[in-house]
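No value in this document is a laboratory result; all are computed from the given coordinates. Worth saying up front: this structure is predicted, and the values here are computed from it rather than measured. Here the Cβ is made from the backbone with ideal geometry for all residues, glycine too, and neighbour counts use every protein chain on show.
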């Protein structure tokens, strides 16, 4: 687990998703105010507004991280999610492009079912991506602005070159 070969951290939420989260915060304030005006219950209005704003802020602050070391690929959004794929399990690595909304329905960690079977996608923005196929038949699509380097490191680590 030493010999880190590739690290990409601080992967932000996609711009369009950030806009939606800011909208969620605005709705929190709006709904909280409406509840206060209509029901006359300030506490419930504040709880509603505070909850929606807190949810959106936490989502905005989360950052993805990709790490490839001597024997594994780690896809993580600390402290919420972590997926580990052994490099020895990888049977193919291909470069590609991903349109996050059209192909996988948005950003984040996604499961997509289609004619090619189930795919798992870790997408933080549309653009260059790496498609990783494993011995178990699972396919992972990982978006990364530096997809060529990630692909080369994964291919070398999996012994595909």
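When DSSP beta bridges are restricted to pairs lying wholly in the chain, around 90% turn out antiparallel.
Helix 42-61 and the longest principal axis of the C-alpha atoms of the chain enclose an angle of approximately 20°. The spread of Cα positions in the chain, taken along each principal axis and listed from longest to shortest, comes to 67, 37, 25 Å. How far apart, in nm, are the 7 Å Cα→Cβ label points at residue 30 and residue 46? Label at residue 30, label at residue 46, 2.4 nm between them. Counted over segment 79-158, the DSSP beta bridges are approximately 85% antiparallel. The angle between the Cα long axis of helix 147-158 and the longest principal axis of the Cα atoms of the chain comes to about 50 degrees, rounded to the nearest 10.
Each peptide in 54-63, 98-107 receives the mean, over its residues, of other Cβ atoms within 10 Å, and ordering these scores from highest gives 98-107, 54-63.
Taking Cα atoms only, the orientation of helix 15-39 departs from the longest principal axis of the chain by about 20 degrees. Rg and Dmax over the alpha-carbon atoms of segment 79-158 stand at 12.0, 33 Å.
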